[in-house]
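Here's the structure, in structure tokens; my notes come after.
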Amino acid sequence: MTLSTQEDAFPMFINPTPLGKDFIRYDFFTPHFCEYIIQAAEAQEWGTNKKDRYRTQDVYLEKAIPGLYESINFQLEHRIWPSVIKHWDIDGVESETIFVLKYSMDTQTSLGLHHDESFISGNVKLNDEYLGGVLEFPRQNFTNEDLQVGQLLVWPSKITHPHLSTELVSGTKYSLTIWSKEWEIIQKCGAEY
């Protein structure tokens, strides 16, 4: 599968839409680009961090597919993060890591309740050929069930938005996770005051 233009990967309009309690939805990837990401991830070796209490089957794009990481991160820096900064009136945010998650009947079928080690987190539904595997936020009584393939959901992560992935019933679920951090320069300047 090849992509000939940016329009093949990223919609012209991102349509930021506030949802629930402190969520924003964006039209971020085209379905065609989601398929491309899945194929690119499947060509890599799936790993898991054995030291992490919340182990997942994943491919970290900045290490495994740096060109794909750069392309996605460029869109985050120029289209998504400025909108997030304005929406939550925060000083600044930058991407820390971007990884593809895989849930399947023969690997991982769920993920327990947890907080991300991220300032602002994001999740893109890369496919919908599965049952179960819903991203659920019990505290906010919110799920990603109604999101379409390619839509990005972002939320403030560390304290207020614990979440889980419900049990996968059938199929294979792919999603893309984005973790961010506050701008390094802001943290350094803030430490001096």
Over all directions, what mean area does the Cα convex hull of the stretch 50-161 project, stated in square nanometres? 8.0 nm²
State, as an integer percentage, the relative contact order of the chain based on alpha-carbon contacts under 8 Å between residues 6 or more apart. 26 percent
Could you state how much accessible area Ser121 has, in square angstrom rounded to the nearest 10, with a 1.4 Å probe and all protein chains kept in place? 0 Å²
Leaving out ligands, DNA and RNA but keeping every protein chain, what accessible area does Phe13 have, in Å² rounded to the nearest 10, with a 1.4 Å probe? 140 Å²
Using the Cβ atoms and a cut-off under 14 Å, what net charge is assigned to the surroundings of Glu70, where Lys and Arg are +1 and Asp and Glu are -1? -2
Pop out the carbon and sulfur fraction of the accessible area of the chain as a percent, whole number, probe 1.4 Å. 51 percent
So for the stretch 73-113, what percent of the C-alpha to C-alpha distances run longer than 15 Å? 58 percent
Per residue, accessible area of the chain with a 1.4 Å probe, heavy atoms of protein chains only, in Å², comes to 53 Å²
What 222 nm value per residue comes from the helices of the chain, counting each DSSP H run with n ≥ 4 as -39,500 (n - 2.57) and dividing by all residues, nearest 500 deg cm²/dmol? -6000 deg cm²/dmol
Expressed as a fraction of 2.2 N^0.38 Å, the rule-of-thumb size for a compact globular protein of N residues, what is the C-alpha radius of gyration of the chain? 0.99
Among Glu42, Glu35, Glu117, what's the order by accessible area (1.4 angstrom probe), most exposed first? Glu117, Glu35, Glu42
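Calculate, for Ser71 and Arg139, the FRET efficiency according to 1/(1 + (r/R0)^6) with r their C-beta to C-beta distance and R0 30 Å; round to the nearest 0.05.
Using R0 = 30 Å, I get an efficiency of 0.35.
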If you take the Cα Rg of the stretch 122-183 and divide it by 2.2 N^0.38 Å, with N the number of residues, what do you get? 1.14
Mind ranking Trp183, Trp155, Trp88 by accessible surface for me, highest first, 1.4 Å probe? Trp183, Trp88, Trp155
Report Arg25's accessible area, 1.4 Å probe, all protein chains in place, as a number in Å² to the nearest 10. 60 Å²
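The values are calculated or read from the model by the stated rules, or taken from the named source; none is laboratory data. Predicted model only: the values in this text are computed from it and were never measured. Neighbour counts are summed over all protein chains in view; Cβ atoms, including those assigned to glycine, are modelled from backbone coordinates with ideal geometry. The accessibility values were calculated without ligands, DNA or RNA, using every heavy atom of the protein model including side chains. Shrake-Rupley method; radii C 1.70, N 1.55, O 1.52, S 1.80 Å.
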